[in-house]
1. With Cβ to Cβ distances under 11 Å as the rule, what net charge do the other residues near B:Tyr89 carry (K, R +1; D, E -1)?
2. Once the other residues with Cβ under 12 Å from the Cβ of A:Pro8 are scored (Lys, Arg +1; Asp, Glu -1), what is the net sum?
3. Near A:Phe91, within a Cβ-to-Cβ distance under 15 Å, what is the net charge of the other residues, with Lys and Arg +1 and Asp and Glu -1?
4. Could you work out the relative contact order of chain B, using alpha carbon pairs under 8 angstrom and six or more residues apart, expressed as a whole percent?
5. Quick one: how many lysine pairs does chain A have with C-alpha atoms less than 18 Å apart and a gap of 8 or more or different chains? Give me the count, please.
6. For each cysteine in the protein assembly as shown, check whether another cysteine's C-beta sits under 4.7 Å from its C-beta; list those where none does.
7. Within region B:14-114, count lysine pairs with alpha carbon atoms under 18 angstrom apart where the residues are 8 or more positions apart or belong to different chains.
8. Rounded, prolate or oblate: which fits chain A when a ≥ b ≥ c are the square roots of the eigenvalues of the alpha-carbon gyration tensor, with rounded for a/c under 1.5 and prolate only if a/b beats b/c?
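No value in this document is a laboratory result; all are computed from the given coordinates. Small disclaimer: the values here were computed from a predicted structure and weren't measured. Ideal geometry is used to build each Cβ from the backbone, glycine not excepted, and the neighbour counts take in all protein chains shown.
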Amino acid sequence: GAVVSQHPSWVICKSGTSVKIECRSLDFQATTMFWYRQFPKQSLMLMATSNEGSKATYEQGVEKDKFLINHASLTLSTLTVTSAHPEDSSFYICSASDLYNEQFFGPGTRLTVL
Amino acid sequence: AQSVTQLDSHVSVSEGTPVLLRCNYSSSYSPSLFWYVQHPNKGLQLLLKYTSAATLVKGINGFEAEFKKSETSFHLTKPSAHMSDAAEYFCVVINMEYGNKLVFGAGTILRVKS
């Protein structure tokens, strides 16, 4: 099956710093990538949808200036959490969609902001 | 709009006994439904999917689900639980009104007792 990787798998940062998370489709081209956030003991919430070469579409309530998404190629999307605060601590999961619109999920990135 | 309701937040079974995880859906269209499994601090793995073909869908690891339109249900079952099945399970529907976005249920944590 298709493989999606995320890097890093976990990160700890100080409040006020920025963190970049990478999502890569390893063996297929993903025209669309999705970013989800999962708080402890909760379900996944879609943050944004990104299409290669165009601006991301953010879900209601998600600050686009805080969560910067770049989808520069068909195999790479990045999520940058700018000026991170403790409330941004969460599990961030990306998924990549193939030609048949099936989504393949990455292993997730655990972000802890001190 | 499409939505799913997972009726149990926690299910506990003994190893070797049947598993039943319940999911009801709401959809204006003929839905596409999925079950995903998430082990602790891991990404999501697709167990099975229903896309308007056979109503009884067989997935990986011995899981299966039956689409029942009259009951608007898509319950996940397994005849005999294994310790390795302990995880969180998400029932998911595609929101076809909004770019085929996945809509996640709240999740059911499955505990398997030895």
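1. Value of the local net charge: -1.
2. Values: positive: A:Lys20, A:Arg110; negative: A:Glu22.
Here the count lands on +1.
3. Working: positive: A:Arg37, A:Lys41, A:Arg110, B:Lys42; negative: A:Glu87, A:Asp88, B:Glu88.
Local net charge: +1.
4. On the way: 294 pairs, mean separation 42.2, N = 114.
It comes to 37 percent, rounded to a whole number.
5. Numbers: A:Lys14/A:Lys66; A:Lys20/A:Lys55; A:Lys20/A:Lys64; A:Lys20/A:Lys66; A:Lys55/A:Lys64; A:Lys55/A:Lys66.
Lysine pairs meeting both conditions in chain A amount to 6.
6. Isolated Cys, the protein assembly as shown: A:Cys13.
7. Lysine pairs meeting both conditions in region B:14-114 amount to 10.
8. Numbers: a/c = 1.74, a/b = 1.55, b/c = 1.12.
Prolate is the answer for chain A, as a/c is 1.5 or above and a/b outweighs b/c.
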